[in-house]
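Read-outs: derived from the displayed coordinates by stated rules, not from any lab. Please read all numbers here as calculations on a predicted model, not as lab measurements. Cβ placement follows ideal geometry from the backbone for every residue including glycine, while neighbour counts extend to all protein chains displayed.
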Amino acid sequence: MSTSLANPGVGLAVLCTVMVVCAAVVYRFTRLGSPLVVPAAAIRGAAQLAAVSLILAAALAQLWSSVLVLVVMFAAAVATSARRAKAGRSAWWLALALAAGVGTVLPLMLVSGVVPLEGVALVPVGGIVLGGAMTATSLAARRGLDAVEQRWGEVEAGLSLGLSVRDARLEVVRSAASDALLAGLDQTRTVGLVTLPGAFVGVLLASGSAVQAGAVQILVLVGLLLAQTCAVAVTIELVAREAVRRPRAHAVPT
């Protein structure tokens, strides 16, 4: 099997430039936003990948440096989720949600021996799990907080019936925040039918067998489901208990 897909070169640069320009033109004529959004994102992504590629080439050689890379990735994920939640300083509590997701899945994978305790395996798998947990946490926090604002009357109704602040908020937060799990569930349900995810394609391009590719992909998908479920569960609890909150005019009785 040839593994020459997307080798760095003039062809790749020209193709990416053409796609970025096309996306910018669509932005311009459909008024989706500034036509500079896509070029800026593409340039930033390319720069970050170039830097990360150089760093990983050295970091993956040692276990301690691989762990350090994961720590930096975790910090970046926390910052991203906190920013997306729009909950000020309280959003930093979302680090607990991310820690719950990654801290549940990675130890299971390592203890089982399915994922070896080596940087070349730990960083890619850990990065995928962390990325999935980050996305689910961001969505759960944002939708949960939006639900509290938009359905505040229901929260007050619950309080008037004698529910605690936590239970009253939980009634509106749970249904909204749980939508953050839908993307991961749909991806797992339709894998192989609608898409061939990155882990599967990566193993195939590395000259692995289709069976090996399938095994790696199901490991990643199931790990993502567990990480996202744990992260969303903790996020819902944080929002319900007002550890993560937005400033508002409503006064909640204590």
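Based on Cα contacts under 8 Å between residues 6+ apart, the chain shows a relative contact order of 24 percent. Given +1 at the Cβ of Lys and Arg, -1 at the Cβ of Asp and Glu and no other charges, the dipole of segment 91-205 around its Cα centre is 100 debye to the nearest 20. Per-residue ellipticity at 222 nm from helix content only, as computed over the chain with -39500 (n - 2.57) for each DSSP H run of at least four residues, stands at -25000 deg cm²/dmol.
Let me make sure I get this right: for segment 9-60, a, b and c are the square roots of the gyration tensor eigenvalues over alpha carbons, sorted descending. Under 1.5 in a/c it's rounded, otherwise prolate if a/b > b/c, else oblate. Which is it? Cα axes put segment 9-60 in the oblate bin.
Considering only VAL26, VAL67, VAL232, the mean-square fluctuation computed in a Gaussian network model of the chain, springs between alpha carbons under 10 angstrom, is largest for VAL26.
If you take the charge dipole of segment 62-241 about its Cα centre, with +1 on Lys and Arg Cβ and -1 on Asp and Glu Cβ, which of GLY103, GLY223, VAL165 is farthest toward its positive end? Result: VAL165. Of the labelled figures (i) 39, 31, 18; (ii) 36, 24, 18; (iii) 44, 19, 14, only one reflects semi-axes √(5λ) of the Cα gyration tensor in Å as derived from the coordinates, namely (ii). About its Cα centre, the chain has a charge dipole of approximately 660 debye under the convention of +1 per Lys or Arg Cβ and -1 per Asp or Glu Cβ, with nothing else charged. A Gaussian network model of the chain, with springs between Cα atoms under 10 Å, assigns the largest mean-square fluctuation among GLY127, GLY101, GLY45 to GLY45. In segment 1-146 the Cα-Cα distances spread across 10 Å bins starting at 0 as 10, 27, 32, 25, 6, 0 percent of all pairs. Compute a Gaussian network model of the chain, connecting alpha carbons closer than 10 Å, and tell me which residue from PRO35, PRO124, PRO116 fluctuates the most. Maximum among the listed residues: PRO35. Based on C-alpha pairs under 8 angstrom that are at least 6 apart in sequence, segment 5-136 has a relative contact order of 22 percent.
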